[in-house]
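Structure first, then comments.
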Amino acid sequence: MSRAPQAFRPVPRTGVIYVTSEARDRGWEPGHPDWSNLGQGQPETGDLPGAPDRLESLPLPPADADYAPVPGLWELREAVADLYNGLYRRGMGSHYTAENVAISGGGRAGLTRVVAALGHVNLGHFLPDYTAYEELLEIFRLVTPIPILLSRESGYAFSARDLEREVVGRGLGALLLSNPCNPMGKLVSGDELAAWIGIGRSLDCSLLVDEFYSHYVWRREAAEPGPSVSAARWVEDVDRDPVVILDGFTKNWRYPGWRVTWVLGPRDAIRAIESAGSFLDGGGSRPLQRAAIPLLAEDRVRQEMAAIRAAFEPKRAATLAAARDIGMTVDREPDGTFYLFVSLRDLPEPLSDGMRFFRQALERKVICVPGVFFDVNPGRRRARHLSRFHQHVRLSFGPEAAEVERGLAALVAMVDEARGR
């Protein structure tokens, strides 16, 4: 048996990478007609009715063979700032500029830059949340990760008063969250989101808001001005309020393979994040950054948002219906994202355990993600067997409708067989 050289430590994989690696060993590959990837962490990337035409080719002028600047092409930074000002800050006295934006080569690269730029702070994070946060919060030893467990029984509710108590009581200097949240789709919006930002402002707690699913919002009354949600709407002063936003083409534009993302925040924070990028990754792809600029036109973005809603809402409804038919417990219907986080506690053994459910589903050529991967646990400071989410799985309705329906039907058949139906 081979092993890594002594100098290397075991490095865990994120949930999606783990489950797709396990599936690949059983014959899965992307686009395989017999498989359904309900563990998928990306949206369908093809044409959608009513969406803008997909970009299928790139110009490659000789100058774009050069490195891109570490903070990104100036024109792209301007386009990002203009989009946020147009969508969320009309009539407000403070507006984003290119200096408030840093471009990165993927969401994880942006997150890594941000956390690397933090000082000695207590960094709060929620349970459950995005699986990649776990190793991210482990490798940078300046920050001390502080877990905040959300209650399943209360539908994962967390109020502004709860936030204030956590910031004061645990001395949080920063809070990392996905909004809408991956995996359970919880959304903080409107007056509630404004209150959260007010607490960050008054207590000098930086809010690091991962908005990669902000165009996938299913509560119409929550979208501001619609059909999306962003903390940028409630920032008073873009250079003083401690709000850092991460987003990009990965989910909301449905170009995950481009790895073009950005961080938006106060200029001084962006300078620190840029400096972190200079030694972490050196900057992103120049040709793809240039190609991204026209895709940020506000009218085009609104058209894409509307197409996403029209295509994904029926898949959301179908996934909810199938989950309930199977006997899964939906603790909270997703306000956003293209995921459903469900409890298996009422299913027959061995399907009531998330990891066993996952492995049984693989035998039916269906991929899902066990809930333990969302129990963000940097450094394994808590025993895995104590996870609150070992009886959960995340189901994705990111793939095309036919693949989602095929996978759901296979799961219904699997549970029916376990019940002897």
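Just the residues that are within 24 Å of the chain's Cα centre (by Cα), at pLDDT 95 or above and farther than 24 Å from V101 by Cβ, please, taken from the stretch 41-70.
Result: E44, T45, G46, D47, L48, A51, R54.
Do we find a residue being among the hydrophobic types (A, V, I, L, M, F, W, C), under 20 Å from V244 (Cα atoms) and either within 19 Å of the chain's Cα centre (by Cα) or in a strand (DSSP E or B) (or both) anywhere in the stretch 133-143?
Taking every residue of the stretch 133-143 in turn, at least one turns out to be among the hydrophobic types (A, V, I, L, M, F, W, C), under 20 Å from V244 (Cα atoms) and either within 19 Å of the chain's Cα centre (by Cα) or in a strand (DSSP E or B) (or both).
Going through A232, A194 one at a time, which residue ends up being surrounded by 16 or more Cβ atoms within 10 Å (Cβ to Cβ), part of a helix (DSSP H, G or I), touching a residue at least 12 places away in the same chain (Cβ under 8 Å) and within 20 Å of the chain's Cα centre (by Cα)?
Just a single option satisfies the conditions, and that option is A232.
Of everything in the stretch 84-101, what is surrounded by 19 or more Cβ atoms within 10 Å (Cβ to Cβ) and among the hydrophobic types (A, V, I, L, M, F, W, C)? Give them in sequence order.
Within the stretch 84-101, L87, A98, V101 meet the criteria.
When the residues of the stretch 160-184 are filtered to those that are of a type in the set (K, R) and within 14 Å of L149 (Cα to Cα), which remaining residue is surrounded by the most Cβ atoms within 10 Å (Cβ to Cβ)?
R170
Of the residues in the stretch 324-344, how many are surrounded by fewer than 19 Cβ atoms within 10 Å (Cβ to Cβ) and touching a Lys or Arg at 6+ places or on another chain (Cβ under 6 Å)?
1
Within the stretch 329-339, can one find any residue that is over 22 Å from the mean Cα position of the chain (by Cα) and touching a residue at least 24 places away in the same chain (Cβ under 8 Å)?
No, the stretch 329-339 contains no residue that is over 22 Å from the mean Cα position of the chain (by Cα) and touching a residue at least 24 places away in the same chain (Cβ under 8 Å).
Of all residues in the stretch 317-352, count the ones that are touching a Leu at 6+ places or on another chain (Cβ under 7 Å) and more than 30 Å from M305 (Cβ to Cβ).
So the count comes out to 5.
Kindly indicate whether V366 is farther than 26 Å from S214 by Cβ and crowded, with 24+ Cβ neighbours inside 10 Å.
yes
Among residues belonging to the stretch 52-62 that are more than 30 Å from R309 (Cβ to Cβ) and without any contact (Cβ under 8 Å) to a residue 24 or more places away in the chain, point out the one that is surrounded by the fewest Cβ atoms within 10 Å (Cβ to Cβ).
The qualifying residue surrounded by the fewest Cβ atoms within 10 Å (Cβ to Cβ) is P62.
Any idea which of L288, L340, L351, L362 is part of a loop (DSSP other than H, G, I, E, B) and either of a type outside the set (F, W, Y) or modelled with pLDDT of 95 or more (or both)?
Checking each option against the conditions leaves just L351.
Could you give every pair whose Cβ atoms fall below 8 Å, whose first residue belongs to the stretch 378-395 and is assigned by TED's automatic domain parsing to the domain that holds S352 and under 18 Å from F341 (Cβ atoms), and whose second residue is charged (D, E, K, R) and modelled with pLDDT of 95 or more, counting only separations of at least 6 or pairs across chains?
H390/D353; Q391/R345; Q391/D353
The values are calculated or read from the model by the stated rules, or taken from the named source; none is laboratory data. Source: prediction; values computed, not measured. So basically every Cβ, Gly included, is an ideal-geometry build from the backbone, and we count neighbours across all protein chains shown.
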